Amino acid sequence: LLFQDADRQIAVRRGRVLDCWTPALRSPRVPYLQLYVHLVWATWDRQPLLVGDVEAHAHEIIGRTCRELRCVPLAIGGIDNHVHVLLGLAATVTIAELAQKLKGTSSRLLGQAMPGNRGFRWQGGYGAFTLRKTDLPILEAYVLRQKEHHAASDVHADWERSSDDTAPRAREGGRPNE
């Protein structure tokens, strides 16, 4: 089954993403890439700012910015104090540039939209993880079900890491300490 919109095409079989690409990038002069990245970063001081309309607006801005950078957003999720983005990476952007643009653009636009123009800030760091195409369904489910995972204290500590000191500590078996 092939899904198509103005920016991308996604091949799916039995609920699994087989391939995704931007049609304009498929040409003999442009490399074919299968580079998938999971990004995670937190609000400043882990403040619970991503609630209600603010969360939805943040996800919308992040998705739009990904597409503007020719990356393919596959899943965006999180909880009130951090965000996860699963995407297909474009050949024209580095991970550092991508993180800077996603965080900078969303911070600026969210700050302008906050009641009383209070401003909005992300923390300075971020986590970035590459993955295989075969791992996409697992990571996509994890990103989209962040609230459930955190409510059940069933988080994958490495996938929550946005700097050296902000990830939940994992106990034996990969689950965080209570």
List every residue pair whose Cβ atoms sit under 9 Å apart, with the two residues 6 or more apart in sequence or on different chains, where the first one lies in the range 44-67 and is free of Cβ contacts under 8 Å to residues at least 24 places away in the same chain and the second, anywhere, is crowded, with 16+ Cβ neighbours inside 10 Å.
-> E60/I76; G63/P73; G63/I76; G63/V85; R64/P73; R64/T105
Which of (1) in a helix (DSSP H, G or I); (2) of a type outside the set (D, E, K, R); (3) at pLDDT below 95; (4) open to solvent by 10 Å² or more (accessible area, probe 1.4 Å) does G125 not meet, given it meets every other one?
-> (1)
Do the conditions hold for A24, that is, is it modelled with pLDDT of 90 or more, open to solvent by 30 Å² or more (accessible area, probe 1.4 Å), not hydroxyl-bearing (S, T, Y) and not in a loop (DSSP other than H, G, I, E, B)?
-> no
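The values are calculated or read from the model by the stated rules, or taken from the named source; none is laboratory data. Predicted, not measured: the structure shown is a model, and the values here were computed from it. Using ideal geometry, Cβ is built from the backbone for each residue, glycine included, and neighbour counts are taken over all protein chains shown. What goes into the accessible areas is simple: the full protein's heavy atoms, side chains included, and nothing from ligands, DNA or RNA. Shrake-Rupley method; radii C 1.70, N 1.55, O 1.52, S 1.80 Å.
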